[in-house]
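Heads up: the structure comes next, in structure tokens.
The values are calculated or read from the model by the stated rules, or taken from the named source; none is laboratory data. All figures in this text were calculated on a predicted structure; none of them were measured in a lab. Every residue, glycine among them, receives a Cβ derived from its backbone with ideal geometry; neighbour counts consider all protein chains shown. Accessible surface areas use protein heavy atoms only, side chains included; no ligands, DNA or RNA. Shrake-Rupley method; radii C 1.70, N 1.55, O 1.52, S 1.80 Å.
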Amino acid sequence: MKRLLHLIIIISISLACVAQGQRQKMSSLVRRAAIDQRHAQHESHRHRVPWLTEGGQGSNDVGEAEPDRREICVFIRVEGDPTALFGENDCRELARFDDIYIISVPLCNLDALSMQESVQRIEAGAPCELHTDTTASVINALPVYAGTQLPQAYTGRGVVVGIQDVGFDLTHPTFYSSDLTDYRIRRLWDMLSEEKTMYVGAEYTTRQQLLDYAHGRDGLILAHGTHTAGIAAGSGYDTNYRGLAWESDLCLVSNAVTNDTVFVDYEDYYKYTSATDALGFKYIFDYATAVGKPCVISFSEGSPEYLDEDTQLFYEVLEKMTGPGRIIVSSAGNNGQVKSYFCKPVGTESKGAFLSSSAKRATFRLKANGPFTIRTTYYTNTPVVHTISSAQILEAEDEMYADTIKHESGDFITAVYGYPSAFHVDEQAYEVLITHPTRIGAVPVSIELVGADSQVEFFTSYNILTTNSLNLSLNAGEYTHNINAPSAAPAVICVGMTCYRRGYLNYQGNWMQTISITNGLREPHSSVGPTMDNRMKPDVMAPGFNIISSYNSFYRERNPLSASTDVKHFNYNGRVYPWTINSGTSMASPVVGGTVALWLQANPTLTPAQVMEIISKTSRHTEPSIDYPNNYYGYGEIDVYSGLVEALKMQGLSVEGLSHHQPQAVDFLLDGRDVVITFAAPTASVSTIYVYALNGTLLATETLPAYQTTCRLSLQSLPADVYALQINSSDAAVCGSTLVRIQ
């Protein structure tokens with residue numbers, strides 16, 4: 001959102017004629033930053049972050065300006081040794097991934113940097129927004145995935161779970177061990193901290209530092225990260241709301257998103273980009289490397305995929321960053337019910353739809369393989385038609401065309417960036433912003449793409465395509481292509497959400513019911529593929545609707561009226577802590593993140609490709625009437641236990657006949673070194689229990705007579721380790737396997 005709204009500032013500023021650099025090397029945000037630095041800004045802009053501006057309040061005064069020394073965090077690909085180049089342009093190298101670097105560079109040096117022959121690409125995208133669907137609440141799907149329902153052998157011990165998010169309560173008891181003796185948050189990098197010990201913000205590395213800091217700088221206005229971290233790795237304290245990998249170590253990064261920009265100074269706002277988020281991922285992986293542990297990162301944020309033009313280096317860095325024992329999972333987004341895409345093919349003269357937005361702006365992107373015209377119609381008593389040709393855009397200074405359309409309801413301001421594709425020589429990309437004093441759609445607005453000789457693709461960002469009786473022929477729009485970045489990256493495991501329960505009882509005793517979808521079906525808001533370059537996404541699904549988890553006590557203290565979705569309050573160390581309901585793919589991502597942590601405990605060297613292989617082999621098909629994989633469910637819903645068995649197989653466990661599912665009608669309980677096995681009903685036939693070592697060696701066999709409901713299997717003679725138990729019977733309900741760890 002930030003990079004799109006920044007257009008609003010630029011469109012009202014006169015353009016100055018200076019050297020422009022080689023803009024085709026720049027992604028959209030970097031190109032806009034280069035243009036921005038060339039214009040003298042009215043002093044009134046200095047006190048606020050530009051992307052928060054709601055309308056075109058920029059100054060028309062242009063004069064001599066000092067070089068803009070504000071810095072931007074970018075990816076850059078350079079041939080050869082860049083030391084001299086970086087020195088000449090005052091660049092700070094922050095990270096390196098082969099020939100791709102993350103650097104901080106003054107805005108005034110962007111053009112000069114781009115003109116160097118050794119520089120092939122400069123790229124950055126906007127910071128993200130959260131993937132919580134705040135219109136929904138209720139359904140406690142978490143107990144299905146709570147620790148008591150997982151194989152006893154795996155709790156995440158010895159694995160680092162990384163969470164990059166916002167609104168952390170560092171004091172919540174769920175981040176201790178179950179007996180409160182071990183504080184499991186090992187590191188925090190708060191990118192918004194007022195201390196400045198890192199590129200942005202500061203890190204906190206000791207238990208005392210973390211507990212004294214108490215909450216992220218944004219912790220009084222946001223709570224999202226406390227909830228997602230609890231789903232992935234919370235101990236549950238004294239409740240059933242235990243996360244997946246409740247004995248894992250936690251490494252946290254509190255980053256900048258559209259919800260906490262109040263804490264970002266004007267001078268620093270270009271420092272917070274997708275490249276900065278990549279530094280956050282690196283920080284977590286570097287910590288895991290330092291302590292010699294495998295690591296999975298869950299990221300419950302995202303932003304619209306900015307065509308494939310603006311994420312090439314970002315996606316390559318993610319590919320280089322991940323590998324054996326280094327996994328990233330991320331939420332797909334909550335735009336599945338948004339018409340967000342259409343294509344006007346060659347041979348079709350025009351195609352279009354009406355625009356609607358909850359804000360005073362509408363933004364969208366276009367990709368075309370030839371010339372065309374954008375025709376916008378503004379309706380009321382006398383419709384006003386406005387046209388812009390692609391030639392006008394590309395011939396404009398800075399390849400940005402801006403125009404004001406007079407209308408009886410107030411002026412519409414249209415700004416369009418156009419730029420040649422850096423990767424497809426036959427395509428041009430365009431970014432369009434329309435602003436109005438009132439909400440876009442309150443006055444009907446239609447968009448048509450015109451020109452039979454070209455194919456033009458339309459991608460929305462923060463608005464939707466709709467229809468209107470004013471022109472029923474303008475009805476284009478598909479519920480596709482709305483997977484967010486970085487989930488769309490090939491190296492990232494993209495997670496959509498499913499539903500299980502319709503309601504819950506809140507802490508006041510009120511029953512809350514909000515949805516009729518259950519049984520593990522896809523929640524309609526869950527974003528849908530393909531990606532903009534037509535790859536299948538999401539990869540996998542997990543419960544994400546109405547999930548109970550830990551919540552930020554400092555946020556709740558400041559916002560007591562928002563407590564209607566809390567299911568429980570409890571006191572600890574003089575503070576009141578809540579458990580609450582949230583919904584969205586934000587909640588589904590840490591379910592998968594915690595699951596992968598369990599798999600990494602079983603097989604610490606799993607690669608992203610191997611995790612995807614496990615997902616493809618073991619995921620459940622909750623809607624069996626459709627073919628898998630697909631752009632709605634990916635490979636299906638995550639299956640923790642079957643995935644564990646497959647992960648162990650990859651590490652060397654090869655047991656002939658070992659089931660990939662737990663018995664449906666059997667409970668297992670560890671009592672010391674004995675396993676107590678309880679059948680839900682007397683079995684009508686003899687059952688046989690086999691005990692296997694992880695290398696596949698059969699260690700013991702026990703035969704149970706028919707009609708027996710319980711037995712005690714002694715493992716006293718076996719050394720402390722993990723073992724596989726297989727039950728075979730003619731009764732299918734008791735057949736299956738489980739994993740146990742004895743100590």
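Structure values in brief
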| item | result |
| --- | --- |
| Some residue of the range 475-482 being at positive phi and part of a loop (DSSP other than H, G, I, E, B) | yes |
| The range 227-242 residues that are among the aromatic types (Phe, Trp, Tyr), paired with ones that are modelled with pLDDT of 95 or more and surrounded by fewer than 24 Cβ atoms within 10 Å (Cβ to Cβ) (beta carbon under 7 Å, 6 or more apart) | TYR237/PRO173 |
| Members of the range 265-293 found to be assigned to a loop (DSSP other than H, G, I, E, B) and surrounded by fewer than 22 Cβ atoms within 10 Å (Cβ to Cβ), listed by number | ASP265, GLY292, LYS293 |
| Given (1) part of a strand (DSSP E or B); (2) within 21 Å of the chain's Cα centre (by Cα); (3) not hydroxyl-bearing (Ser, Thr, Tyr), number of the condition GLU316 does not satisfy | (1) |
| Condition check for SER589: touching a residue at least 24 places away in the same chain (Cβ under 8 Å) and within 20 Å of ARG242 (Cα to Cα) | yes |
| Matching option when the condition is without any contact (Cβ under 8 Å) to a residue 24 or more places away in the chain, of a type in the set (Val, Ile, Thr) and in a loop (DSSP other than H, G, I, E, B), among THR171, THR181 | THR181 |
| Test set (1) within 29 Å of the chain's Cα centre (by Cα); (2) in contact (Cβ under 8 Å) with a residue 12 or more places away in the chain; (3) open to solvent by 60 Å² or more (accessible area, probe 1.4 Å) - GLN455 fails condition number | (1) |
| Options SER300, SER358, SER350, SER331; residue that is modelled with pLDDT under 90, small (Gly, Ala, Ser) and farther than 30 Å from ALA34 by Cβ | SER358 |
| Count - residues of the range 383-401 that are part of a helix (DSSP H, G or I), open to solvent by 40 Å² or more (accessible area, probe 1.4 Å) and out of contact with any Phe, Trp or Tyr (no Cβ under 7 Å at 6 or more places or on another chain) | 4 |
| Selected residue (only one of LEU244, LEU211, LEU252, LEU220 is out of contact with any His (no Cβ under 9 Å at 6 or more places or on another chain), outside any helix (DSSP H, G or I), open to solvent by 10 Å² or more (accessible area, probe 1.4 Å) and of a type in the set (A, V, I, L, M)) | LEU220 |
| Where a residue in the range 253-280 is touching a residue at least 60 places away in the same chain (Cβ under 8 Å) and more than 22 Å from GLU93 (Cα to Cα) and its partner, wherever it lies, is buried (at least 22 other Cβ atoms within 10 Å of the Cβ) and among the acidic types (Asp, Glu), with Cβ under 8 Å and at least six apart | VAL257/GLU301; ASN259/ASP218; ASP260/ASP218; PHE263/ASP218 |
| Any hit, the range 478-500, residues being acidic (Asp, Glu), buried (at least 20 other Cβ atoms within 10 Å of the Cβ) and either in contact (Cβ under 8 Å) with a residue 12 or more places away in the chain or closer than 20 Å to PHE364 by Cα (or both) | no |
| Any hit, the range 301-309, residues being assigned to a helix (DSSP H, G or I), in contact with a Phe, Trp or Tyr (Cβ under 9 Å, 6 or more places away or on another chain) and closer than 18 Å to ILE100 by Cβ | no |
| Test for PHE299: is it buried (at least 17 other Cβ atoms within 10 Å of the Cβ) and either more than 20 Å from the chain's Cα centre (by Cα) or among the polar types (S, T, N, Q) (or both) | no |
| Test: residue in the range 351-366 that is under 14 Å from GLU431 (Cα atoms) and free of Cβ contacts under 8 Å to residues at least 24 places away in the same chain | no |
| Members of the range 501-538 that are buried (at least 22 other Cβ atoms within 10 Å of the Cβ) and more than 19 Å from SER589 (Cβ to Cβ) | MET532 |
| Counted residues, the range 720-737 - those being of a type in the set (S, T, N, Q) and closer than 11 Å to GLN664 by Cα | 1 |
| In the range 330-340, the residues that are among the hydroxyl-bearing types (Ser, Thr, Tyr) and either surrounded by fewer than 17 Cβ atoms within 10 Å (Cβ to Cβ) or out of contact with any Leu (no Cβ under 8 Å at 6 or more places or on another chain) (or both) | SER330, SER331 |
| The listed residue being open to solvent by less than 50 Å² (accessible area, probe 1.4 Å) and outside any helix (DSSP H, G or I), out of THR404, THR376, THR380 | THR376 |
| Test: residue in the range 455-471 that is within 29 Å of PHE299 (Cα to Cα), small (Gly, Ala, Ser) and outside any loop (DSSP other than H, G, I, E, B) | no |
| Restricting the range 573-630 to residues that are basic (Lys, Arg) and over 23 Å from LEU694 (Cα atoms), the residue that is most open to solvent (accessible area, probe 1.4 Å) | ARG620 |
| Entirely in the range 637-743, the strands (runs of 3 or more DSSP E) that have 1 or more residues that are open to solvent by less than 30 Å² (accessible area, probe 1.4 Å) and farther than 30 Å from ARG522 by Cα | 674-679, 687-692, 698-704, 710-714, 721-729, 736-742 |
| Qualifying residues in the range 283-307 (those that are among the hydroxyl-bearing types (Ser, Thr, Tyr) and touching a residue at least 40 places away in the same chain (Cβ under 8 Å)) - the one nearest to PRO127 (Cα to Cα) | SER303 |
| Pairs where the first residue, in the range 319-334, is under 13 Å from GLN164 (Cβ atoms) and the second is assigned to a strand (DSSP E or B), C-beta under 6 Å, 6+ apart | ILE328/ILE297; VAL329/SER298; VAL329/ILE493; VAL329/VAL495; SER330/PHE299; SER331/VAL495 |
| Filter result for VAL346 (open to solvent by less than 50 Å² (accessible area, probe 1.4 Å), in contact (Cβ under 8 Å) with a residue 60 or more places away in the chain and more than 21 Å from PRO590 (Cβ to Cβ)) | no |
| Counted residues, the range 622-636 - those being under 25 Å from the mean Cα position of the chain (by Cα) and either at pLDDT 95 or above or part of a helix (DSSP H, G or I) (or both) | 9 |
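Residue by residue, here is whether (1) of a type in the set (Ser, Thr, Tyr); (2) open to solvent by 10 Å² or more (accessible area, probe 1.4 Å); (3) over 18 Å from GLY574 (Cα atoms); (4) out of contact with any strand residue (DSSP E or B) (no Cβ under 6 Å at 6 or more places or on another chain) holds:
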residue: LEU180; (1), (2), (3), (4): no, yes, no, yes
residue: ARG187; (1), (2), (3), (4): no, yes, yes, no
residue: ARG207; (1), (2), (3), (4): no, yes, yes, no
residue: GLY216; (1), (2), (3), (4): no, no, yes, no
